[in-house]
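For reference, the structure discussed in these notes is given below.
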Amino acid sequence: MNNSTMPPAAATWALRPALPGDLETIAELRAVVLRPDLERLGRYDEHRVRQRLRDTFVPEHTSVIEVDGAFAGSVTLRPAERGRLLENFYLAPEAQGRGVGTAVLRTLLTRADEAGAEVRLIVVQGSSARPLYERHGFMEESQDPIDVYMVRRPVRNASAAVTD
């Protein structure tokens, strides 16, 4: 079998607490990851895509995703009025398709389930990430022309909540 038909190798990943110095690296990744969807929707703005992260970055609730010891993404799970808000979940293109996003999401949802907390998120219309969220129990609450608002209720038996 040649390399072009081999499945991607499983990645070794870890979460570490974000530091204030991670802000610009995460903002840059956000611009890369969101660009295709925002351009498709006619909403890409080179400055705004980065500034929105700068305006809302909270290192205390953010984790950096490392794959094989190197920066590969970020995720924020912060307290919200009714549970937790999952945001800034970005994975570098070269780390996608290796099971990292699924593993990170499972870890965060297990923590939320243990706390009995529902989790909300916003995903851009037409995003390829939406099926991942749906596989993990998120359901659409509402939508507008740009975003889809989703919620996942806590699961008592966390292993029953996820299907591959």
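Within the range 96-120, the only residue that satisfies the criterion of being within 12 Å of the chain's Cα centre (by Cα) and farther than 26 Å from Thr12 by Cα is Arg120.
Quick one: Ala31 ticks every box in (1) in contact with a strand residue (DSSP E or B) (Cβ under 9 Å, 6 or more places away or on another chain); (2) of a type in the set (Gly, Ala, Ser); (3) free of Cβ contacts under 8 Å to residues at least 60 places away in the same chain; (4) buried (at least 16 other Cβ atoms within 10 Å of the Cβ) except a single one, so which number is it? Result: Ala31 fails condition (1) only. For the range 8-37, the set of residues classified as assigned to a loop (DSSP other than H, G, I, E, B) and either modelled with pLDDT of 95 or more or of a type in the set (Gly, Ala, Ser) (or both) consists of Ala9, Ala10, Ala11, Ala18, Leu19, listed by residue number. Residue by residue through the range 81-114, note down the ones that are in contact with a strand residue (DSSP E or B) (Cβ under 8 Å, 6 or more places away or on another chain) and in a loop (DSSP other than H, G, I, E, B). The answer is Arg82, Ala92, Arg98.
Here's the yes/no breakdown for (1) closer than 17 Å to Leu132 by Cβ; (2) among the aromatic types (Phe, Trp, Tyr); (3) out of contact with any helix residue (DSSP H, G or I) (no Cβ under 8 Å at 6 or more places or on another chain):
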site	(1), (2), (3)
Asp22	no, no, no
Pro36	yes, no, yes
Glu39	no, no, yes
Pro59	no, no, no
Leu91	yes, no, no
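Out of Arg40, Arg82, Arg98, I need the residue that is within 23 Å of Phe138 (Cα to Cα), of a type in the set (Lys, Arg), modelled with pLDDT under 95 and surrounded by fewer than 17 Cβ atoms within 10 Å (Cβ to Cβ). Which one? Lay out the reasoning, then the answer.
Values: Arg40 fails: within 23 Å of Phe138 (Cα to Cα); Arg98 fails: surrounded by fewer than 17 Cβ atoms within 10 Å (Cβ to Cβ).
That would be Arg82, the only listed residue that is within 23 Å of Phe138 (Cα to Cα), of a type in the set (Lys, Arg), modelled with pLDDT under 95 and surrounded by fewer than 17 Cβ atoms within 10 Å (Cβ to Cβ).
Being in contact with a Pro (Cβ under 9 Å, 6 or more places away or on another chain), touching a residue at least 24 places away in the same chain (Cβ under 8 Å) and farther than 25 Å from Arg50 by Cα: is that true of Ala115 here? Give the derivation first.
Working: in contact with a Pro (Cβ under 9 Å, 6 or more places away or on another chain): yes; touching a residue at least 24 places away in the same chain (Cβ under 8 Å): yes; farther than 25 Å from Arg50 by Cα: yes.
It is true that Ala115 is in contact with a Pro (Cβ under 9 Å, 6 or more places away or on another chain), touching a residue at least 24 places away in the same chain (Cβ under 8 Å) and farther than 25 Å from Arg50 by Cα.
The residues of the range 58-75 that are without any contact (Cβ under 8 Å) to a residue 24 or more places away in the chain and in a strand (DSSP E or B) amount to a single one, Ala70.
Glu87 meets all of the listed conditions (1) over 19 Å from Arg120 (Cβ atoms); (2) touching a Ser or Thr at 6+ places or on another chain (Cβ under 6 Å) but one, namely (1). Pairing residues of the range 133-150 that are under 9 Å from Val123 (Cβ atoms) and at pLDDT 95 or above with residues that are loosely packed, with under 13 Cβ neighbours inside 10 Å and among the small types (Gly, Ala, Ser), at Cβ distances under 7 Å and at least 6 apart in sequence or on separate chains, gives Tyr149/Ser142.
Rundown of residues vs (1) within 25 Å of Tyr44 (Cα to Cα); (2) out of contact with any Cys (no Cβ under 6 Å at 6 or more places or on another chain); (3) not hydrophobic (A, V, I, L, M, F, W, C), yes/no style:
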| site | (1), (2), (3) |
| --- | --- |
| Glu87 | yes, yes, yes |
| Gly99 | no, yes, yes |
| Arg106 | no, yes, yes |
| Ala117 | no, yes, no |
| Leu121 | yes, yes, no |
| Pro154 | no, yes, yes |
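When the residues of the range 115-127 are filtered to those that are in a loop (DSSP other than H, G, I, E, B) and among the hydrophobic types (A, V, I, L, M, F, W, C), which remaining residue is surrounded by the most Cβ atoms within 10 Å (Cβ to Cβ)? It comes out as Ala117.
The values are calculated or read from the model by the stated rules, or taken from the named source; none is laboratory data. In this text, all values refer to a predicted model and were calculated from it rather than measured experimentally. For neighbour counting, all protein chains shown are included, and Cβ atoms are generated from backbone atoms with ideal geometry for every residue, glycine included.
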